[in-house]
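Comments concern the structure below.
The values are calculated or read from the model by the stated rules, or taken from the named source; none is laboratory data. Predicted model only: the values in this text are computed from it and were never measured. Here Cβ is always computed from backbone atoms with ideal geometry, including for glycine, and neighbour counts include all displayed protein chains.
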Amino acid sequence: MAQIFHPATNVIAKATIFGGLFLLAFVCYVAAGVERSPWITHEGMYREQPVPFSHEHHVGGLGIDCRYCHTSVETSPFAGIPATKVCMTCHSRLWTNAALLEPVRESWNLNKPIAWTRVHDLPDYVYFNHSIHVAKGVGCATCHGRVDRMPLMMQAHSLRMEWCLDCHRNPEKYVRPKEKVFDMAYEPPGGREQTALGEKLVQQYHIRKEQLTNCAVCHR
Amino acid sequence: MTDQVIQPGHTFATVTDKIASIVLTRPIGRGWLVLVVITGFLTIMLSTAVGYLLAVGVGIWGVDVPVAWGFAIVNFVWWIGIGHAGTFISAFLLLLRQDWRTSINRFAEAMTLFAVACAGLFPLLHLGRPWFFYWLFPYPNTMKLWPQWRSPLVWDVFAVSTYATVSLIFWYVGLIPDLATLRDRSRHRVGRVVYGILAMGWRNSARHWHRYQMAYLLLAGLAAPLVVSVHSIVGMDFASAQLPGWHSTIFPPYFVAGAIFSGFAMVMTLAIPLRAVYGLKDFITARHLDNCAKLMLVTGLIVAYGYSSEIFLAWLSGNEFEWYMTTNRMGGAYGPAFWALILCNVVIPQSLWFKRVRVNPKTLWIVSLVINVGMWLERYVIVITSLHRDFLPSSWGMYYPTIWDWATFIGTLGFFLLCVLLFIRVLPAISIFEMRELVHETSLAPAPAAAEGGK
């Protein structure tokens, strides 16, 4: 009886045994990478806005405080997107004819809010509160990055749960003195010094680490 | 006569012919076709029920507070228990050198695989969002979460997935020499190629056999502890809860005994029609029926001991909730289910004390069916009666399975039988090479002593 298989199939058989394992490992590796890539998380991506508002110009250049526009950041879960009125405090006098600002004037005249595109959008099953983070010494830049260097708003981090937990499990790695919370240029001391400072601040601000990883803290 | 594990007069060739012909040459019978159509429809019903569940959610089932574990968990425990006989036969009895296992181990292992497939379906669907089932595994996820290792439900994931993997590998390794036989005997090119690929280049050389025996024994050694561990863990799903009726240390061992009890009942339920229809009475003899029936009797008695111990300890504890649960189980709304279970699992199996019942295929088949029903009822009673009335009378309630509960359960029965039917026609239902070994051993010994081979 003739052979059914050519001798070369031996090689294929062996290759599929080991190849299957490698393929499986490779698929898992790629899946884990894709799941964390900006393609899924939007990390590092700029968003088109109705008005190309530049934080770089307003914060970095002019030195306007975060709270001038995001008024409720210290008192409420939501930092607050400024109303057109806030823009008009300056722009009713400055650049009154600039073409770029036409949507702002239109919004003002028609009494219709500007439809900004949300950049940092957490899932609805996550309860996030800005005020408590600000009150416990988490700097704006820790989560939002160097906003004073962003010509258009960009999502600085992945906003993945692992990213949240990185701080919730070890807040001493990130907390800073309260008076530096709105300081974009604040540089954490880094290394052992940050840990020492962080541990001191965690004590001082009564940050109860054992509660921070309770599911119900964020998923209510 | 009836004491033989293989009827006299068989040679290597007749054994091979007989078993391989079911796969290779036997035409498709009308009865088989009718059964495939019926079970195929039931499988379609199952996929409809599952599809609807995925679309709408577990609300289509009867589960609610307080009975949040309904049919899904009952069916899961029942199916996974059935699988245990396959592993018991193939691993335990192999290590104990019981030669009578040879003719039933192959399809018992196949039965294990199909039962585990049916079992695995239920907890997955019960998750609510089954597409996130992989959250139960410890892998570096973007949530930075690790499974809750103190939960027996996580142990379940590992127990069942290990069990499924080891059973599959064990079954496949056992098939390799037979696949080579089919490859060599197949008259169609497609058959030769497919069986050839599956046989993985088996050439029947002495070196192959040497390595093969070693691998098979090692796998049996790996599989043997699983017989005990898997259903113990399933038992702990209940025992580690605080609920009266579940919170009992006897659960793991008595669940294992119950699993083997129901598994052998299912083996007999399948084996008796199989040997009649395909003329395998020479290989699955009255000796096999007798041995399996004895095992059912023993495990049935252990299970009965479990029931009485539960009742006795509920009384001994003096705990009013335990005792209320016990009386409510026997005399409450689900009392008839309890007494039906006692009838099926304790009373009727006592008929197996009589040899006439054990070696008569018809009576044994009926007793096996009764035990299958009884073991399902046992899980029903454990799950439902314990949950429906716990500590607080304000949270008491009743459980009513919906049509979708029934469709899913009956659908898995259809799917299971469909798999068995297809298996019988595409793979050798009895291990050819092990039967040849048996012929070799029995023909070397003088004729009367052959009967004593397995003692």
*Out of the residues in the stretch A:57-88 that are within 23 Å of A:ALA135 (Cα to Cα) and charged (D, E, K, R), state the one that is surrounded by the fewest Cβ atoms within 10 Å (Cβ to Cβ).*
A:ASP65
*Quick check: anything in the stretch B:209-222 in contact with an Asp or Glu (Cβ under 9 Å, 6 or more places away or on another chain) and part of a helix (DSSP H, G or I)?*
no
*asked:* Condition first: basic (Lys, Arg), part of a helix (DSSP H, G or I), away from chain B (no Cβ under 14 Å) and over 20 Å from the mean Cα position of the chain (by Cα). Can you find one or more residues in the stretch A:194-217 that meet it?
replied: yes
_Here is a check on your reading of the model: is B:GLY9 of a type outside the set (D, E, K, R) and at positive phi?_
yes
*Can B:ASP282 be described as of a type in the set (D, E, K, R) and surrounded by fewer than 20 Cβ atoms within 10 Å (Cβ to Cβ)?*
yes
*Going by the conditions given, is B:GLY29 at pLDDT below 95 and either touching a strand residue (DSSP E or B) at 6+ places or on another chain (Cβ under 7 Å) or closer than 30 Å to B:PHE251 by Cβ (or both)?*
no
_I'm trying to understand the selection: among the residues of the stretch A:128-152, which are over 30 Å from A:ALA216 (Cβ atoms) and either basic (Lys, Arg) or without any contact (Cβ under 8 Å) to a residue 40 or more places away in the chain (or both)?_
A:ARG146, A:ARG149
*Tell me, which residue of the stretch A:22-37 that is of a type outside the set (A, V, I, L, M) and within 13 Å of chain B (Cβ to nearest Cβ) is farthest from the chain's Cα centre (by Cα)?*
A:CYS28
*asked:* Anything in the stretch A:153-191 that is aromatic (Phe, Trp, Tyr) and away from chain B (no Cβ under 14 Å)? List them, or say none.
replied: A:TYR174, A:PHE182, A:TYR186
*Of residues in the stretch A:22-56 being in a loop (DSSP other than H, G, I, E, B) and in contact with a Pro (Cβ under 7 Å, 6 or more places away or on another chain), the one surrounded by the most Cβ atoms within 10 Å (Cβ to Cβ)*: A:SER54
*Residue identified as of a type outside the set (A, V, I, L, M) and either assigned to a helix (DSSP H, G or I) or in contact (Cβ under 8 Å) with a residue 24 or more places away in the chain (or both) among A:PRO82, A:PRO77*: A:PRO77
*Give the number of residues within the stretch B:201-218 that are surrounded by 13 or more Cβ atoms within 10 Å (Cβ to Cβ) and either at the interface with another protein chain (Cβ under 10 Å from one of its Cβ atoms) or hydroxyl-bearing (Ser, Thr, Tyr) (or both).*
3
_With the structure loaded, tell me whether A:GLY19 is of a type in the set (Gly, Ala, Ser), surrounded by 11 or more Cβ atoms within 10 Å (Cβ to Cβ) and more than 14 Å from chain B (Cβ to nearest Cβ) or whether it fails that test._
yes
*Does B:PRO138 meet the test of being within 14 Å of another protein chain (Cβ to nearest Cβ) and either in a helix (DSSP H, G or I) or of a type outside the set (Lys, Arg) (or both)?*
yes
_Matching residues, the stretch B:172-197, being more than 11 Å from chain A (Cβ to nearest Cβ) and assigned to a loop (DSSP other than H, G, I, E, B)_ = B:ARG187, B:HIS188
*Out of (1) assigned to a loop (DSSP other than H, G, I, E, B); (2) free of Cβ contacts under 8 Å to residues at least 40 places away in the same chain; (3) more than 14 Å from every other protein chain (Cβ to nearest Cβ); (4) under 19 Å from the mean Cα position of the chain (by Cα), what's the single condition that is false for A:TRP95?*
(4)
*Just name the residue that is nearest to A:TYR68 (Cα to Cα) out of those in the stretch A:181-193 that are at pLDDT 90 or above and buried (at least 17 other Cβ atoms within 10 Å of the Cβ).*
A:PHE182
*Yes or no: B:GLY86 surrounded by 12 or more Cβ atoms within 10 Å (Cβ to Cβ), in a helix (DSSP H, G or I) and either in contact (Cβ under 8 Å) with a residue 40 or more places away in the chain or under 19 Å from the mean Cα position of the chain (by Cα) (or both)?*
yes
*Confirm whether A:TYR68 is out of contact with any helix residue (DSSP H, G or I) (no Cβ under 7 Å at 6 or more places or on another chain) and in the same structural domain as A:ALA141 (by TED's automatic domain parsing).*
yes
*Is one or more of the residues making up the stretch B:250-258 β-branched (Val, Ile, Thr) and within 13 Å of another protein chain (Cβ to nearest Cβ)?*
no
_Selection from the stretch A:98-138 of residues that are of a type in the set (Lys, Arg) and either farther than 30 Å from A:LYS173 by Cβ or not in a loop (DSSP other than H, G, I, E, B) (or both)_ = A:ARG105, A:LYS112
*Restricting attention to the stretch A:150-200, which residues are touching an Asp or Glu at 6+ places or on another chain (Cβ under 7 Å) and farther than 20 Å from A:THR117 by Cβ?*
A:GLU172, A:PHE182, A:MET184, A:THR195, A:GLY198, A:GLU199
*From B:THR102, B:THR165, grab the single residue that is part of a helix (DSSP H, G or I) and away from every other protein chain (no Cβ under 14 Å).*
B:THR102
